[in-house]
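Written out below as structure tokens is the structure these notes cover.
The values are calculated or read from the model by the stated rules, or taken from the named source; none is laboratory data. Please read these numbers as outputs of a predicted model, since none were measured by experiment. No Cβ is skipped: glycine too gets one built from the backbone with ideal geometry, and neighbour counts run over all protein chains shown. Quick note on the areas: whole protein, heavy atoms, side chains included, nothing else; ligands and nucleic acids left out. Shrake-Rupley method; radii C 1.70, N 1.55, O 1.52, S 1.80 Å.
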Amino acid sequence: ETVAYDKTWRTMLQAAHLLPGEDLLKLNVLYGSYLGTLCNAFCAKHAIRNIDFIASHGHTVFHQPELGFTFQLGDGNTLHATTGKKVVCDFRSLDVARGGQGAPLVPVGDYFLFGDYDVCLNLGGIANCSMLRSGKRIAFDVCFVNMALNYLAMHAGKHYDKNGAMASAGNVDKHLLRGLTSVYSKIRNARPSLGREFFDKEVRPLLDRSAAPVADKLATVVESAAYEISRGISNGKNKTVLCTGGGAYNAWLMYRLLELGGDNVNLVIPNELLVKFKEAVVFGFLGVLRVRNEINCLKSVTGARQDSSSGVLIGF
């Protein structure tokens, strides 16, 4: 199930990175309690009495691995106290402490659970993909997708551009497209993990400065994302690409990916449950690996000094 945030929670989470220390700690506990309440309600609704543990990623507020830290809101101890269940949380910090990006984490799940596909592409706030290359699992963030599209949709009074309808009615703004291409061209080789900080510094100013209508900005962001994704997953070979995440419902984005990918790319959009919950399934699986003290974070993906069995265990 997906639970929509009400206006109060949306406002608090959007402003979390601006809070002073004490208020951020308070929100961390409050959000942990909120998650616990939702878990209790879910178990009660479906008459679930016995679970092994809760695997909780939390809500990312800060992600600055170059400075040695990442922070996901949602206190695991409070979640444990609220539910009485064992908790696995804070999946990223150990990898960052070992010199890695702390992201992406999903590729382990892609390898074991979805290895029949050449590429696993997640179209969330940020587009990321994973694949085998020379017998080694690699993965990387590509560009901003829903983070940018939803930001623009808010200027039209909407939470998101349903099916890409507004983008499909717009025209690509060449000046804005050049700006986005310039930003992404600088990170194509390094492939750092992307977060709100990079969006606020490099991408949002371009969107704000553009005088183009909102529909044209949306069309341009879609065109830019489709180009960057196609460039990231294509090497001249025919590939099956599993597409999940909210962006898979953006019909205009998927159309542009098909157009730019050509005959070398076969986009596969699975059933609705997998589109919506693939990352949730994978984080549950990462929790299983952590509980078994098995590798769930790959240095080949994050750039860390070593592989990790990452995640904090509470109540075990």
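Tell me, which residue of region 99-141 that is of a type in the set (Ser, Thr, Tyr) and under 21 Å from residue 231 (Cα atoms) is surrounded by the most Cβ atoms within 10 Å (Cβ to Cβ)? Ranking the qualifying residues of region 99-141, first place goes to 130. Is it true that residue 256 is modelled with pLDDT of 95 or more, more than 26 Å from residue 180 (Cα to Cα), among the basic types (Lys, Arg) and open to solvent by 10 Å² or more (accessible area, probe 1.4 Å)? Against the criterion (modelled with pLDDT of 95 or more, more than 26 Å from residue 180 (Cα to Cα), among the basic types (Lys, Arg) and open to solvent by 10 Å² or more (accessible area, probe 1.4 Å)), residue 256 does not qualify. Picking from 61, 88, 96, which residue would you name as being touching a Pro at 6+ places or on another chain (Cβ under 6 Å) and either at pLDDT 95 or above or surrounded by fewer than 20 Cβ atoms within 10 Å (Cβ to Cβ) (or both)? Answer to the check: 96. For region 257-288, the tally of residues that are touching a strand residue (DSSP E or B) at 6+ places or on another chain (Cβ under 9 Å), within 15 Å of residue 109 (Cα to Cα) and among the hydrophobic types (A, V, I, L, M, F, W, C) stands at 8. Within region 268-304, the set of residues being outside any helix (DSSP H, G or I) and touching a residue at least 40 places away in the same chain (Cβ under 8 Å) comprises 268, 295, 296, 297, 298, 303, 304.
Against the conditions (1) closer than 17 Å to residue 248 by Cβ; (2) free of Cβ contacts under 8 Å to residues at least 60 places away in the same chain; (3) hydrophobic (A, V, I, L, M, F, W, C), residue 165 satisfies every one except (2). Please specify each residue of region 38-50 satisfying the condition of being among the aliphatic types (A, V, I, L, M) and surrounded by 12 or more Cβ atoms within 10 Å (Cβ to Cβ). Those that are among the aliphatic types (A, V, I, L, M) and surrounded by 12 or more Cβ atoms within 10 Å (Cβ to Cβ): 38, 41. Could you tell me which residue of region 5-37 is surrounded by the most Cβ atoms within 10 Å (Cβ to Cβ), considering only residues that are assigned to a loop (DSSP other than H, G, I, E, B) and either touching a residue at least 24 places away in the same chain (Cβ under 8 Å) or within 20 Å of the chain's Cα centre (by Cα) (or both)? Filtering region 5-37 for residues that are assigned to a loop (DSSP other than H, G, I, E, B) and either touching a residue at least 24 places away in the same chain (Cβ under 8 Å) or within 20 Å of the chain's Cα centre (by Cα) (or both), the one surrounded by the most Cβ atoms within 10 Å (Cβ to Cβ) comes out as 5. Scanning region 216-258 for residues that are more than 21 Å from residue 173 (Cβ to Cβ), outside any helix (DSSP H, G or I), in contact with a helix residue (DSSP H, G or I) (Cβ under 9 Å, 6 or more places away or on another chain) and touching a residue at least 12 places away in the same chain (Cβ under 8 Å) yields a total of 10. Consider region 86-102. How many of its residues are at negative phi and not in a helix (DSSP H, G or I)? Total meeting the criteria: 9.
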